[in-house]
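Here is the structure we will look at.
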Amino acid sequence: MSEIGVWITALTTLAIYSFLYRDNPFYKAAEYLLIGLTVGYSLVISVKTVLWPGLVLPLVGGDLAKIIPLVLGGLMIIRLVPKLTVWSRIPLAVIVGAGAGVSIPAMLKARILQQMGATVGHVASLNGIIMLVGVIATVMYFYFSREQKGILQPVAKIGTWYMMIFFGATFGYTVMSRVSLLIGRMEFLLGDWLHLLGG
Amino acid sequence: MRFDRRYIFLAIAVAVAVPMLFPIGLPVAVTDETRQVYDRIENLAPGDVVMFSFDHEASSLPEVRPLAEAVLTHCFRRGVKVIGLALFAEGAAVGYDILKDVGEREDKTYGEDYLYLGYRPQYSAAILGMGESIAEVFPADYDQTPYEELPLGQRVKSYADIELVVSVADGSLPTYWVEYAQARYGQRIVAALTAVMVTAYNPYLEAGQLDGILGGLKGAAEYEKLLGQPAAGTRGMDAQSLAHLTIAILIILGNIIAFARWRRGKSGKEGDA
């Protein structure tokens, strides 16, 4: 990164972190800059790597099949004209229909059937038993068709404990993740910008 | 009395900065999960192909870059070929940058040893499409060279020619790799994740739907240790440990104060009665 690039990065990093002290115009400016850059960057990438080679060039080259996505895309943008909003339902219907058709069987297999198979398939081990008990107890906690009394109550309680352990582990990992991001910025500020780090 | 939380921010900043300026060199223990990923790559034969999908945004770079660099370095040293791509627009240039950097450092040739396909929207369609034909989904690479003109592109037609997919992710993309590439085409997958995502993917690892998980900067440090090449992950570990210690102390202190207040409130009520 060039020296001017390092300075811009360092100053915008400090502007963002200044929010920890209190809200201020430098933070706001950096925030708006980030949003604008993100949208601009995504737009350029989409045009350069998707629309231009995938739509414009084939159309110019005579690939008439590309007219279909062009029309559907155009109908989607027509949403911006209030009187013509109804036409945008056509591409939306295509997206919803195709999306549901593709994703439902895949989700059913990967997220439910394979997961259920793995849950009951390891009951010969202690880990497998702990997992099976956890799944049943947690599912019972979310069973709302009967009041949680009698046998349901202790089972749901065990489910609550399992969830608490999960939330604790997730929180721990979240802390680790956020600290890692701070480490990355600190390494940049102390190393690349201020040249205080050796190596 | 209210405690100004800015003191906590300051404490964390000090806990991170001090070990960077004065490294302690705390040991890094390698977990079974990291070793599993390392062994998976170690057991690949020279010439095998691994697909790297950069499924993340730029904001998570401090975590995912060390992970990607460590696994990529290992792949190149094993003589494994690499095909890179991005399913998030923000990951497109970042992935290219990482792949080029590591490829050049390991003295690899673009097009023969590795190539980069760039970004495709609609990740479910892209993942499914590559099961039939990669050239259909990516007719050209990131620099607009036709896919089938590249030596590696001529060899690799679909998942059938790919040994492993590594999804470098900060969100839900590995789930889609499992749903559309693993469940449908039997493609083996490893997830290199930000730490915050690890608990969400452990069930997939337990179920055998993922071949391995690498989690966060700690995962990168462990992998670097196995590679025998300390880098960004290892450098951050002192700061990570000290920051965690500071946070743990703050949580314990906060609970002691909350408990003392609760006791005081309870005894106050009993006195009133």
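The values are calculated or read from the model by the stated rules, or taken from the named source; none is laboratory data. All of these numbers come straight from a predicted model, not from anything done at the bench. Neighbour counts run over all protein chains shown; Cβ positions are idealised from the backbone, glycine included.
Confirm whether B:Val14 is of a type outside the set (D, E, K, R), at pLDDT 95 or above and closer than 25 Å to B:Ser172 by Cα.
So B:Val14 fails the test.
Could you list, in sequence order, all residues of the stretch B:46-73 that are within 25 Å of B:Ala160 (Cβ to Cβ) and either modelled with pLDDT under 95 or surrounded by 24 or more Cβ atoms within 10 Å (Cβ to Cβ) (or both)?
Keep residues of the stretch B:46-73 that are within 25 Å of B:Ala160 (Cβ to Cβ), which gives B:46-55, B:68, B:71-72.
Answer for the stretch B:46-73, where residues must be within 25 Å of B:Ala160 (Cβ to Cβ) and either modelled with pLDDT under 95 or surrounded by 24 or more Cβ atoms within 10 Å (Cβ to Cβ) (or both): B:Val50, B:Met51, B:Phe52, B:Ser53, B:Phe54, B:Asp55, B:Ala68, B:Val71, B:Leu72.
Looking at the stretch B:168-183, is at least one residue under 14 Å from B:Phe52 (Cα atoms), touching a strand residue (DSSP E or B) at 6+ places or on another chain (Cβ under 8 Å), assigned to a helix (DSSP H, G or I) and away from chain A (no Cβ under 12 Å)?
Among the residues of the stretch B:168-183, at least one is under 14 Å from B:Phe52 (Cα atoms), touching a strand residue (DSSP E or B) at 6+ places or on another chain (Cβ under 8 Å), assigned to a helix (DSSP H, G or I) and away from chain A (no Cβ under 12 Å), which makes the answer yes.
Provide a single number: the residues in the stretch A:107-130 that are more than 9 Å from every other protein chain (Cβ to nearest Cβ) and either among the basic types (Lys, Arg) or in contact with a helix residue (DSSP H, G or I) (Cβ under 7 Å, 6 or more places away or on another chain) (or both).
Qualifying residue count, the stretch A:107-130: 2.
Residue check, B:Ala160 against (1) over 14 Å from B:Leu128 (Cβ atoms); (2) assigned to a helix (DSSP H, G or I); (3) within 13 Å of chain A (Cβ to nearest Cβ); (4) not acidic (Asp, Glu), all met but one. Which one?
(3)
When you go through B:Ser172, B:Ser158 one by one, which is the residue that is at pLDDT 95 or above and of a type in the set (Ser, Thr, Tyr)?
So the residue among B:Ser172, B:Ser158 that is at pLDDT 95 or above and of a type in the set (Ser, Thr, Tyr) is B:Ser158.
Can you name every residue in the stretch A:144-160 that is exposed (fewer than 14 other Cβ atoms within 10 Å of the Cβ) and under 28 Å from the mean Cα position of the chain (by Cα)?
Hit for the stretch A:144-160 is A:Thr160, nothing else.
Restricting attention to the stretch A:100-111, which residues are of a type outside the set (S, T, N, Q) and over 11 Å from B:Ala207 (Cβ atoms)?
Keep residues of the stretch A:100-111 that are of a type outside the set (S, T, N, Q), which gives A:100-102, A:104-111.
Scanning the stretch A:100-111 gives A:Ala100, A:Gly101, A:Val102, A:Ile104, A:Pro105, A:Ala106, A:Met107, A:Leu108, A:Lys109.
Under the condition of being out of contact with any helix residue (DSSP H, G or I) (no Cβ under 6 Å at 6 or more places or on another chain) and more than 25 Å from B:Gly208 (Cα to Cα), which residue from the stretch B:18-45 is modelled with the lowest pLDDT?
B:Gly25
Can you name every residue in the stretch B:135-146 that is under 18 Å from A:Pro58 (Cβ atoms) and more than 9 Å from every other protein chain (Cβ to nearest Cβ)?
Passing the criteria: B:Ala135, B:Glu136, B:Val137, B:Phe138, B:Asp141, B:Thr145, B:Pro146.
Going through the stretch B:77-94 one residue at a time, which ones are crowded, with 19+ Cβ neighbours inside 10 Å and either touching a helix residue (DSSP H, G or I) at 6+ places or on another chain (Cβ under 7 Å) or closer than 20 Å to B:Glu163 by Cα (or both)?
The answer is B:Val80, B:Lys81, B:Val82, B:Ile83, B:Gly84, B:Leu85, B:Ala86, B:Leu87, B:Ala89, B:Glu90, B:Ala92, B:Val94.
Yes or no: the stretch A:176-192 includes at least one residue that is at the interface with another protein chain (Cβ under 9 Å from one of its Cβ atoms) and of a type in the set (Phe, Trp, Tyr).
yes
Hey, among the residues in the stretch B:210-227 that are touching a Phe, Trp or Tyr at 6+ places or on another chain (Cβ under 9 Å) and within 9 Å of chain A (Cβ to nearest Cβ), which one's farthest from A:Gly117 (Cα to Cα)?
Residues of the stretch B:210-227 that are touching a Phe, Trp or Tyr at 6+ places or on another chain (Cβ under 9 Å), as a first pass: B:210, B:212-216, B:222-223, B:226-227.
Add one more test, that the residue is within 9 Å of chain A (Cβ to nearest Cβ), and what stays is B:215-216.
Numbers: B:Gly215: 25, B:Gly216: 29 Å.
This residue is B:Gly216.
How many residues are free of Cβ contacts under 8 Å to residues at least 24 places away in the same chain and over 26 Å from A:Trp52 (Cβ atoms) when one looks only at the stretch B:106-127? Explain how you work it out, then say what you get.
If we filter the stretch B:106-127 for residues that are free of Cβ contacts under 8 Å to residues at least 24 places away in the same chain, which is where we start, we get B:107, B:109-110, B:122, B:125.
The next check asks that each one be over 26 Å from A:Trp52 (Cβ atoms); those that pass are B:107, B:109.
Residues that pass the stated criteria total 2.
Name every residue in the stretch B:51-70 that is more than 10 Å from the chain's Cα centre (by Cα) and within 18 Å of B:Leu205 (Cβ to Cβ), in order of residue number.
Result: B:Ser53, single match.
Out of all the residues in the stretch B:101-123, which are assigned to a loop (DSSP other than H, G, I, E, B) and of a type outside the set (Gly, Ala, Ser)?
B:Glu106, B:Asp107, B:Lys108, B:Thr109, B:Glu112, B:Asp113, B:Arg120, B:Pro121, B:Gln122
Residues are listed down the side, and each one gets a yes or a no for (1) within 13 Å of A:Leu182 (Cβ to Cβ); (2) in the same structural domain as B:Asp141 (by TED's automatic domain parsing); (3) among the hydrophobic types (A, V, I, L, M, F, W, C):
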{"site": "B:Arg6", "(1), (2), (3)": "no, no, no"}
{"site": "B:Phe9", "(1), (2), (3)": "yes, no, yes"}
{"site": "B:Leu21", "(1), (2), (3)": "no, no, yes"}
{"site": "B:Glu42", "(1), (2), (3)": "no, yes, no"}
{"site": "B:Glu57", "(1), (2), (3)": "no, yes, no"}
